[in-house]
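S.K.: Before I ask anything, here is the structure I am working with.
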Amino acid sequence: MATIANIEVRTIGIETMNQVLKYAPIDGFKLSDDKLNKEYTVIDVNEFETGATKSFTVTLEDKSGNIITLSAGNLKRARLLTTNDAAGAKPMIGTENIFKRSDADSIWNGSVYFHKGIGMKKDEEFVLPEKITLRYAILSEDLETGEPLLNPFLYKGYRKVVKEYIKVDDFPSMDDFRSELKKTEADGRFKFLPKEMLEPTPFAWVNRDVSDYKHTLVLQANS
């Protein structure tokens, strides 16, 4: 029988733990229709650092005990309802609460950005509401084709391009990413981008489910 290591051996030092958890993986939010039109209770908040950037995630639980995690980015981009009128909004086929942007004017116009509506401000502490209802999700779409837009991080190479832009305090739009793919080596093309990849190319495992599309959550603050 193996001998159990004593507590001194099993104790990891503070400096080591600080380094290990500096880039600890964090569960992201995966969109699905059954997560929407539900009230959630805020059960935990985790503040963390990624490099020199500070951020946070919020852990929420619904009345059935299902748990989801929203990032600060999810909340900052979200909309906050100012009306319950969704007249004329047409949900995606197979869903009740997910809409393409062009089919959700009444929802978009009946809401404001969450950070503005709930009072998130620089140089001030912010207290999250005790409960949040996730009402809807609105999918971004291609203005020419009307098709939903994929989350940019599902394209090969995009995440690496983001890392390069962040080094100079910038963040690449999809137009920036397309421009990088058009560059030659002489133009300063990033070496990690395959020479034959001239257009954004999704990973092979992308199924184009609703969770794969770039979206904006529409929330209702309860208290």
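The values are calculated or read from the model by the stated rules, or taken from the named source; none is laboratory data. These figures come from a predicted structure and were not determined experimentally. Because the Cβ atoms are built from the backbone with ideal geometry, glycine has one as well, and the counts that use them run over all protein chains shown.
S.K.: Could you say whether any residue in the range 116-134 is in a helix (DSSP H, G or I), over 18 Å from residue 212 (Cβ atoms) and over 17 Å from the mean Cα position of the chain (by Cα)?
M.R.: The answer is yes; a qualifying residue exists.
S.K.: Within the range 135-193, which residues are part of a loop (DSSP other than H, G, I, E, B), over 21 Å from the mean Cα position of the chain (by Cα), more than 28 Å from residue 93 (Cβ to Cβ) and not acidic (Asp, Glu)?
M.R.: Scanning the range 135-193 gives 168, 183, 184, 186, 188, 189, 190, 191, 192, 193.
S.K.: For the range 182-223, enumerate the residues that are among the charged types (D, E, K, R), loosely packed, with under 12 Cβ neighbours inside 10 Å and over 30 Å from residue 60 (Cα atoms).
M.R.: Across the range 182-223, the qualifying residues are 182, 185, 187, 191, 195, 196, 199.
S.K.: Check 70, 75 and return the single one that is closer than 29 Å to residue 207 by Cα, assigned to a helix (DSSP H, G or I) and hydrophobic (A, V, I, L, M, F, W, C).
M.R.: Only one candidate passes the filter, namely 75.
S.K.: Quick check on the range 43-67: of everything there that is assigned to a strand (DSSP E or B) and of a type in the set (S, T, N, Q), which residue is nearest to residue 216 (Cα to Cα)?
M.R.: Checked the range 43-67; the qualifying residue nearest to residue 216 (Cα to Cα) is 57.
S.K.: While we're on this one: Take residue 88 and tell me if it is in the same structural domain as residue 119 (by TED's automatic domain parsing), under 30 Å from residue 103 (Cα atoms), free of Cβ contacts under 8 Å to residues at least 60 places away in the same chain and assigned to a loop (DSSP other than H, G, I, E, B).
M.R.: Yes: the conditions hold for residue 88.
S.K.: Let me ask something else. How many residues, within the range 140-165, are in contact (Cβ under 8 Å) with a residue 12 or more places away in the chain, within 18 Å of residue 53 (Cβ to Cβ) and not acidic (Asp, Glu)?
M.R.: Number of matching residues: 2.
S.K.: Of the conditions (1) more than 25 Å from residue 43 (Cβ to Cβ); (2) among the small types (Gly, Ala, Ser); (3) surrounded by 12 or more Cβ atoms within 10 Å (Cβ to Cβ), residue 87 clears all except one; give me its number.
M.R.: (3)
S.K.: Related question: Please specify each residue of the range 147-176 satisfying the condition of being in contact with an Asp or Glu (Cβ under 9 Å, 6 or more places away or on another chain) and at pLDDT below 90.
M.R.: 170
S.K.: Moving to a separate point now. When you go through 80, 128 one by one, which is the residue that is buried (at least 18 other Cβ atoms within 10 Å of the Cβ) and more than 30 Å from residue 189 (Cβ to Cβ)?
M.R.: Unique residue meeting the criteria: 80.
S.K.: Right, here's the next one. Does the range 49-63 contain at least one residue that is free of Cβ contacts under 8 Å to residues at least 60 places away in the same chain, more than 27 Å from residue 163 (Cβ to Cβ) and touching a helix residue (DSSP H, G or I) at 6+ places or on another chain (Cβ under 9 Å)?
M.R.: Within the range 49-63, one or more residues are free of Cβ contacts under 8 Å to residues at least 60 places away in the same chain, more than 27 Å from residue 163 (Cβ to Cβ) and touching a helix residue (DSSP H, G or I) at 6+ places or on another chain (Cβ under 9 Å).
S.K.: Criterion first (closer than 27 Å to residue 93 by Cβ, assigned by TED's automatic domain parsing to the domain that holds residue 101 and among the small types (Gly, Ala, Ser)) does residue 64 satisfy it?
M.R.: Spelling it out, residue 64 is indeed closer than 27 Å to residue 93 by Cβ, assigned by TED's automatic domain parsing to the domain that holds residue 101 and among the small types (Gly, Ala, Ser).
S.K.: Among the residues of the range 153-204 satisfying the criterion of being of a type in the set (Ser, Thr, Tyr) and out of contact with any strand residue (DSSP E or B) (no Cβ under 7 Å at 6 or more places or on another chain), which is farthest from residue 140 (Cα to Cα)?
M.R.: Result: 184.
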